[in-house]
Every structure is written in C-alpha cells, then in structure tokens.
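Q: Encoded as structure tokens, here's the structure I'll be asking about.
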Amino acid sequence: MMLTPLVYWAQRHEEIYLRVELTDAQVKTQSLTFFFLCVINCSARGHGAKGQNEYEFSLEFLFPVKPEVSYKSTQRQVNVVVGKEKRGWWERLVTQERKPVFLAPDFDRWLEESDAEMEIREKEERRNRLRSARLKEPGFISLKTGFLFAYNLVQFLGFSWIFVNMTVRLFIFGKDSLYDTFHTISDVMFFCQTLAAVEVLNAAFGVVRTGVVPTFIQVIGRNFILFIIFGSLDEMHNRPVVFFVFYLWSAIEIFRYPFYMLGCFNTEWKTLTWLRYTVWIPLYPLGVLAEAVAVLQAIPIFDKNKLFSIPLPKAIGGSLSFSYVLQGYLILMFLGLFINFRHLHKQRKRRFRTKKRKAN
C-alpha cells in the first residue's frame, strides 16, 4: 500500500501553495497530472514520516485549476504551486467538506482573504513607488511611457476635434447639421478608429494591463459600423443616425484618453477619474442602440443593391444577401454589449472599492 506524506497548504487569490513533507525527494514529473483540471496526483520517493519510501497523494480541488504546475524539491520538502483557473478566494481546498487526514494548513504562509488583499495592495503600491521614483529622475521617460502618452494624446485631440466640431455645428445649423455629419467628420473618425487597432495589440502583447477580448469587441464593432455600414453605403451618409453614433463615441473618448494620459505618469485628477468610470454607464448602451439602428436602416439597402452578397452555386442560382450577416451581427452586438458592460462595471467597482479602502 502506497504511503501518504504530510501536505500543508495555503492560498492566494490566484494560486494554491502545497508543501509536501519529504526530505531529499525525487519527484516523478510524469505523475503530476490533472483530470478535468481539478485533480492532482503526485508521487515521489523520499524520506518522510515512514522513512525512505515511495509516497503518493491525491487532491480533488474545490474549483478548476490551470493545467500548468510548478514544483521545487529541496533537502527538506517539495514545494508545489498550482494556479487557479479563476481568480478568487476558496472557502476550502478540496471538494469534500471533511479534509483528508494528511492535509493541514501551512501557517508559515497562511493569510486570511483580507490580509491577502492587503498584500496585493502593498505590492502594487510598492511597484507604483518604484515607478514614480524612476519617473522623477531628471530626464527619464521610458520608451513605453512616451509611446502610450503620444498615442493617447493623438486620440484625445482627434476625438476632441470631432466632439467640439459637432457641438458647434449643432448650435449654429441646428437640425441641418444632422444630415451632413459624415461629409464633415468622417475623415477624422476614420483616422481615429483605424488607429484604435493599436489598443488591441497593446492588450495582446501586454503593453497595457487590460482584457484583450473586451478591447477587441469594441474596436472591431466600431470599425464594422464605420467602414461597412457607413463607409460602403452612400445612402447612409445623410442619415441622422451617423450624427448620434459619432457623437456618442466621441463623448466617451474625450474622458477616457486624457485619463490614460495622466496615468502614464502616475498622476490622477479625481474629477476626471470619476467621469472616466461613470459617463460610459448611459453613453455606452446608447451608442450600441444607435449602432443597432444604423444596422437596421442598412439591411434593406444591402438587400436592394446586393453589395457583399455571397453568390450561390449555379444549380441553386441567385445569391445570399449580406443582410443575413447583419441580422446575425445584431445578435452578436448585444452579446458584446453584455460582455463589455460587465467588464467596465468590474473595472469601476474595483477602482472605487480600492479608493474607498485607502480612504478608510
């Protein structure tokens, strides 16, 4: 019968730490396997409570974990680190409420959830202090900081020009300005939205710490409306919906980009921070609604002019209208709204929760 070693455990929000009491252990790496990303089997030969023997243990975790596992064997013990699939705090380690007899808390590394959050904040503050100290060095601006600042500045200037131009024209020309928005604004909007593809690359390559999927959804969604719906259909150029789409997009961005500009230098203006994390609540759903109206208005036009239609085999004849793609896109649009709204809500909640705790 295989012997079981003593195993001590502790956790953080993103990782599980296991300490196996085996001296001079030789771990069989092929035995570190996962089933359904929840169960870990580990076997090793070393000196434990029953002397020099083969030891093995198995744990069925409470929640899924990442397939990658790292371990390090020392003269005194084997340290195993397992990443959680989803960030969070577990009420216990294993599925069964009664823990295995060989499993015990690792009090050398044990922290309560509030202490773990404090540890994260302290590390973040330490990194921020180091970053601030470097930025305060005479003449020091990192290449990354300079690039991000320049990008956000260009986007801020572009969307500010759009917003101010549309506002002034609305006051001067009234309703008439709604019908020539595309002809007066589209060139700058094309430039800004094409440049926005950089944000997807920044997220994908870790230049900025943000989710790739929400960023991709926003950039692709806007560019689809701009290039396919507005850009390819002359009939859409004089529609008032263009005004509302452009105006709502720019109203969000004139707060977002200056917030990022200040963030490049660890500087914050509280009013701007509140606006950046608040104005999207009414404006983002309204923007998606305006985009949906634009798609609905474009569907009969695509049916009529057969633009982007997919030809069918000669035996069937005819072609498949692009309007079917637009109907499917409407569903994806509101799915994307749910994903992005949830992402932005989490960002806002995390931002102001952290501020509140610091104030207390």
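Q: Would you say residue 83 is closer than 15 Å to residue 10 by Cα, of a type in the set (Gly, Ala, Ser), surrounded by 14 or more Cβ atoms within 10 Å (Cβ to Cβ) and modelled with pLDDT of 85 or more?
A: Here the answer is yes, as residue 83 does meet what is asked.
Q: Looking at the stretch 230-246, is at least one residue aliphatic (A, V, I, L, M), part of a helix (DSSP H, G or I), in contact (Cβ under 8 Å) with a residue 12 or more places away in the chain and open to solvent by 20 Å² or more (accessible area, probe 1.4 Å)?
A: No: the stretch 230-246 contains no residue that is aliphatic (A, V, I, L, M), part of a helix (DSSP H, G or I), in contact (Cβ under 8 Å) with a residue 12 or more places away in the chain and open to solvent by 20 Å² or more (accessible area, probe 1.4 Å).
Q: If residue 178 meets every condition in (1) in contact (Cβ under 8 Å) with a residue 60 or more places away in the chain; (2) over 27 Å from the mean Cα position of the chain (by Cα); (3) surrounded by fewer than 17 Cβ atoms within 10 Å (Cβ to Cβ) apart from one, which number is that one?
A: Evaluating residue 178 over (1) in contact (Cβ under 8 Å) with a residue 60 or more places away in the chain; (2) over 27 Å from the mean Cα position of the chain (by Cα); (3) surrounded by fewer than 17 Cβ atoms within 10 Å (Cβ to Cβ) leaves (3) as the failure.
Q: Which of the residues that make up the stretch 41-79 are more than 28 Å from the chain's Cα centre (by Cα) and open to solvent by less than 40 Å² (accessible area, probe 1.4 Å)?
A: 41, 42, 43, 44, 46, 48, 51, 55, 57, 59, 77, 78
Q: Does the stretch 114-122 contain at least one residue that is open to solvent by 50 Å² or more (accessible area, probe 1.4 Å), among the small types (Gly, Ala, Ser) and not in a strand (DSSP E or B)?
A: Within the stretch 114-122 (the criterion being open to solvent by 50 Å² or more (accessible area, probe 1.4 Å), among the small types (Gly, Ala, Ser) and not in a strand (DSSP E or B)), the answer is yes, since at least one residue qualifies.
Q: Filter the stretch 284-314 down to the residues that are of a type in the set (A, V, I, L, M, F, W, C) and free of Cβ contacts under 8 Å to residues at least 24 places away in the same chain, then identify the one that is least open to solvent (accessible area, probe 1.4 Å).
A: 312
Q: Still on this structure, please answer the following. Going by what's in this entry, would residue 152 be described as open to solvent by 30 Å² or more (accessible area, probe 1.4 Å) and either touching a residue at least 12 places away in the same chain (Cβ under 8 Å) or assigned to a helix (DSSP H, G or I) (or both)?
A: no
Q: From (1) open to solvent by less than 60 Å² (accessible area, probe 1.4 Å); (2) in a helix (DSSP H, G or I); (3) out of contact with any helix residue (DSSP H, G or I) (no Cβ under 8 Å at 6 or more places or on another chain), pick out the condition that doesn't hold for residue 90.
A: Going through (1) open to solvent by less than 60 Å² (accessible area, probe 1.4 Å); (2) in a helix (DSSP H, G or I); (3) out of contact with any helix residue (DSSP H, G or I) (no Cβ under 8 Å at 6 or more places or on another chain) one by one, residue 90 breaks only (2).
Q: Let me ask you something else. Does the stretch 313-324 include one or more residues that are within 18 Å of residue 213 (Cα to Cα), assigned to a helix (DSSP H, G or I), at pLDDT 85 or above and not acidic (Asp, Glu)?
A: There is no residue in the stretch 313-324 that is within 18 Å of residue 213 (Cα to Cα), assigned to a helix (DSSP H, G or I), at pLDDT 85 or above and not acidic (Asp, Glu).
Q: Same structure again: Would you be able to tell me the number of residues in the stretch 212-226 that are surrounded by fewer than 16 Cβ atoms within 10 Å (Cβ to Cβ) and within 17 Å of residue 250 (Cα to Cα)?
A: Result for the stretch 212-226: 1.
Q: If you don't mind, there's one more thing I want to ask. If I ask for residues that are in a helix (DSSP H, G or I) and open to solvent by 30 Å² or more (accessible area, probe 1.4 Å), which ones from the stretch 264-283 would you list?
A: If the condition is that a residue be in a helix (DSSP H, G or I) and open to solvent by 30 Å² or more (accessible area, probe 1.4 Å), then 270, 271, 274, 275, 281, 282, 283 are the ones that fit.
Q: Of the numbered conditions (1) among the small types (Gly, Ala, Ser); (2) part of a helix (DSSP H, G or I); (3) exposed (fewer than 13 other Cβ atoms within 10 Å of the Cβ), residue 160 fails exactly one; give the number of that condition.
A: (3)
The values are calculated or read from the model by the stated rules, or taken from the named source; none is laboratory data. None of the values given here were measured: they were computed from a predicted structure. Because the Cβ atoms are built from the backbone with ideal geometry, glycine has one as well, and the counts that use them run over all protein chains shown. Just so you know, the surface numbers come from the protein's heavy atoms only, side chains and all, with ligands and any DNA or RNA stripped out. Shrake-Rupley method; radii C 1.70, N 1.55, O 1.52, S 1.80 Å.
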